[in-house]
Structures are given as structure tokens and as C-alpha cells.
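Asks: Before I ask anything, let me first share the structure, which is written out below as C-alpha cells.
The values are calculated or read from the model by the stated rules, or taken from the named source; none is laboratory data. In this text, all values refer to a predicted model and were calculated from it rather than measured experimentally. When we count neighbours, we look across all protein chains shown, and the Cβ atoms used for this are built from the backbone with ideal geometry, even at glycine. Ligands, DNA and RNA are stripped out before the accessible areas are found, and what is left, the full protein with its side chains, is counted by its heavy atoms. Shrake-Rupley method; radii C 1.70, N 1.55, O 1.52, S 1.80 Å.
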Amino acid sequence: LKMSSILVRCASNDGASPSDARYIPLPTFAEVGNGVVEKIKAAGLGHYAHVTGQYYDHDSTLTRNLVMKVNDSKDSDEFEPQVIMDAALSNSEMKILTNILVDSAECRYVSSGEIDCVGSDDWKYGYLLSPNFVLFSPDGLILRQDNQNRELLYLHSRPCNPVGHKVWMKDIENVYVNLSPRPWTTQTLGFRTLSDKVTLIEHDRPLDVSEEDLDKVEPTHDELGELMLHTEWIVKTAAQLVFAATSNRFKNAKIPLYVPRVLQAEVNPWVELRNSLWENQLADKLERSRSGYIP
């Protein structure tokens, strides 16, 4: 990603007080918002994206937000995003930012998406939902849905595939999320076709779990909660890929999504809570779409 024009608002000063030499005063949201407007004007007309980390509907936690110019037109298949803003915002500030983007004459189209961080942590992967499904990392594209033919996927820059390798939606047999054995350090997202198994993401994300919990035969309640939190993005991404491949406009047969039992509600009670939160977020997105925001 092009990182040349970024506004950063830190979420924490590591416990430093205003009298401490380490203290860095945070810019106000008004300053951040005004900076975004100026950066968008400088970047010019085009397709923009507002991407957030995992968040919940309260103002007590700041969430990482990215504003990117994706390309000059939503009909373009190019993906060379320029990061306009990288900021930690409260939930109410996120909604104001949405209005700023919608009201900007330069933002001809605004996509939404999510990155794989909780709160304001660092991120490794992200996705966009519209006008086509896109999976990316700070290094560039991983997968994109073709703008002209929505039943076609392109795989980019993966070790197992040549750049721009084509995959037809109709050839996808299933989408899966895998975990390494407990303590479930490695997460994998991929799909199987009639003739191949394609790994899109495989990365390590250790859980913040005590040795005492790991010594127990069965996972503890806290351990299952940490696992749900650390796998939320990758499960959601897998579901979005399934949705893209089975949308009514494609008239494809249903594509199953496979996840480990420890990520299913009957085994992990935190998953049921997460699912209810997702339903609330969906309702929030529908409300924003009625106000002119394009989800």
C-alpha cells in the first residue's frame, strides 16, 4: 500500500501523563477530520474505502480506521490503494467520518471493509466488500473478484499460484478455516476447487492465555473467549467469500463453509455471543446505507 500521506492518531500514550516527557498529545477528532478532507481533495476524484478494525458498539474503546483511495474509478480492476488516514477513533467518531466521506465531492464511490485487528492493534490482512470482494495485505492484493464478470476470481502474488491466476466461482467446492492443534496458534483460510486446494492466508496469531489454562485438559472459558476474539476476522472473511460466490446473481449451488468445532456455537459459548453482535452490526450497516453510505 502507498503510505505516503497518512494521518495517525495514537490510541494510547503507554500510561504517560501530560507532564511526562514520553507524552504525545493526541490531535482532536476535528483536526483529524479536517486533515482527511484536505488529503482527499489532494488525492482527487475516485473510488475510496473506509476500513475498520473489529469493533463493538460502544465508545469506551478506540478502533483503528483506514481511509484509502483505491483507484480512480469503481469500475477499474486496478488495486493500488493510497492510505489517506490511519487513525484510532471512537464509535461515534467513526460515524462522523462516514458522513465526511459521503459528503465529499471527490469520493465518487465509498467501499466498506475490515482489517484483522482488534481495537487499534497492528493489522496484517483486510477485505473490501463492494463493488467487488477484495482480499489484501499491506503488501498488496491477495484475491479480487472481477468487476465485469462477478463469477471470476483472480489470485495475486501467492506462492502457490502465478500472478493473476483465474478461478471460476462455479469450481469452488467449499471454503474453510483451519486451526493448528491447541493452543491454536496458526490460522488458515482457503478454499477447495474441483482440482486444487488454495491457501489464501496462513499466519501465526498466539493467544493471550496463561500456562495454567493451557495445562488443563479442557479449554477454559477464558481460553475459548480469546480464541473467538482472535479468529473473528478470519471467520467473517470466509463467510464473505462464501457470500460473494453464492449471491443470487450468480445462481450457483450452495458452497459450504467449514470451521473447526471449537469455533462453533455448540462448543464455544463465545461464538453465540459474537454472532448476535454481528447481527447488530449488520443492522447498523443497513441504517448507514439508508443515509447514503454504500456498504
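Asks: Would you confirm whether any residue within the range 41-48 is assigned to a helix (DSSP H, G or I), charged (D, E, K, R) and modelled with pLDDT of 90 or more? First the steps, then the outcome.
Replies: So the first thing to find is which residues in the range 41-48 are assigned to a helix (DSSP H, G or I), and the list is 41-43.
Next cut, charged (D, E, K, R) only: 41.
Checking the rest, the ones that are also modelled with pLDDT of 90 or more come to 41.
Checked the range 41-48: at least one residue is assigned to a helix (DSSP H, G or I), charged (D, E, K, R) and modelled with pLDDT of 90 or more.
Asks: Which residue, of Arg64, Arg22, Arg9, is charged (D, E, K, R), within 21 Å of the chain's Cα centre (by Cα) and modelled with pLDDT under 70?
Replies: On the way: Arg64 fails: modelled with pLDDT under 70; Arg22 fails: within 21 Å of the chain's Cα centre (by Cα).
After applying the criteria, what remains is Arg9.
Asks: Any idea how many residues of the range 81-112 are loosely packed, with under 14 Cβ neighbours inside 10 Å and among the acidic types (Asp, Glu)?
Replies: Summing the residues that are loosely packed, with under 14 Cβ neighbours inside 10 Å and among the acidic types (Asp, Glu) in the range 81-112 gives 1.
Asks: Arg108 is checked against (1) over 26 Å from Thr188 (Cβ atoms); (2) part of a strand (DSSP E or B); (3) free of Cβ contacts under 8 Å to residues at least 60 places away in the same chain and fails just one. What number does that condition carry?
Replies: (3)
Asks: Pick out the one residue from Gly33, Gly15 that is touching a Leu at 6+ places or on another chain (Cβ under 9 Å), modelled with pLDDT under 85 and not hydroxyl-bearing (Ser, Thr, Tyr).
Replies: On the way: Gly15 fails: touching a Leu at 6+ places or on another chain (Cβ under 9 Å).
The unique qualifying residue is Gly33.
Asks: Would you point out which residue out of Ala265, Ala238, Ala253 is within 30 Å of Ser130 (Cα to Cα), at pLDDT below 90 and either open to solvent by 50 Å² or more (accessible area, probe 1.4 Å) or not in a loop (DSSP other than H, G, I, E, B) (or both)? If you could, list the steps in order and put the result at the bottom.
Replies: Working: Ala265 fails: either open to solvent by 50 Å² or more (accessible area, probe 1.4 Å) or not in a loop (DSSP other than H, G, I, E, B) (or both); Ala238 fails: at pLDDT below 90.
Step by step, each of Ala265, Ala238, Ala253 is checked, and only Ala253 is within 30 Å of Ser130 (Cα to Cα), at pLDDT below 90 and either open to solvent by 50 Å² or more (accessible area, probe 1.4 Å) or not in a loop (DSSP other than H, G, I, E, B) (or both).
Asks: When the residues of the range 113-129 are narrowed to those that are surrounded by 17 or more Cβ atoms within 10 Å (Cβ to Cβ) and in a loop (DSSP other than H, G, I, E, B), which ends up modelled with the highest pLDDT? Give the steps one after another, and end with the answer.
Replies: Residues of the range 113-129 surrounded by 17 or more Cβ atoms within 10 Å (Cβ to Cβ): 113-118, 120, 123, 125-129.
After this cut, where a residue has to be in a loop (DSSP other than H, G, I, E, B) as well, the list is 120, 123, 125, 129.
Values: Ser120: 68, Trp123: 86, Tyr125: 93, Leu129: 88.
In this case the residue turns out to be Tyr125.
Asks: Assigned to a loop (DSSP other than H, G, I, E, B), within 23 Å of Lys124 (Cα to Cα) and either modelled with pLDDT under 90 or not β-branched (Val, Ile, Thr) (or both): which single residue out of Leu229, Leu200, Leu207 fits that description? Before the answer, list the steps.
Replies: Working: Leu229 fails: assigned to a loop (DSSP other than H, G, I, E, B); Leu200 fails: assigned to a loop (DSSP other than H, G, I, E, B).
Every option except Leu207 fails the conditions.
Asks: Filter the range 210-226 down to residues that are assigned to a loop (DSSP other than H, G, I, E, B) and not acidic (Asp, Glu) and give me whichever is most open to solvent (accessible area, probe 1.4 Å). Spell out the reasoning first.
Replies: Initially, the range 210-226 is screened for residues assigned to a loop (DSSP other than H, G, I, E, B), giving 210, 215-220.
With the extra rule that they be not acidic (Asp, Glu), the set shrinks to 210, 216-217, 219-220.
Details: Ser210: 55, Lys216: 95, Val217: 127, Pro219: 42, Thr220: 22 Å².
In this case the residue turns out to be Val217.
Asks: In addition: Which pairs turn up if I take residues in the range 219-230 that are without any contact (Cβ under 8 Å) to a residue 40 or more places away in the chain and look for partners that are part of a helix (DSSP H, G or I) and open to solvent by less than 20 Å² (accessible area, probe 1.4 Å) with beta carbon separation below 8 Å, at least 6 apart in sequence or on another chain?
Replies: none
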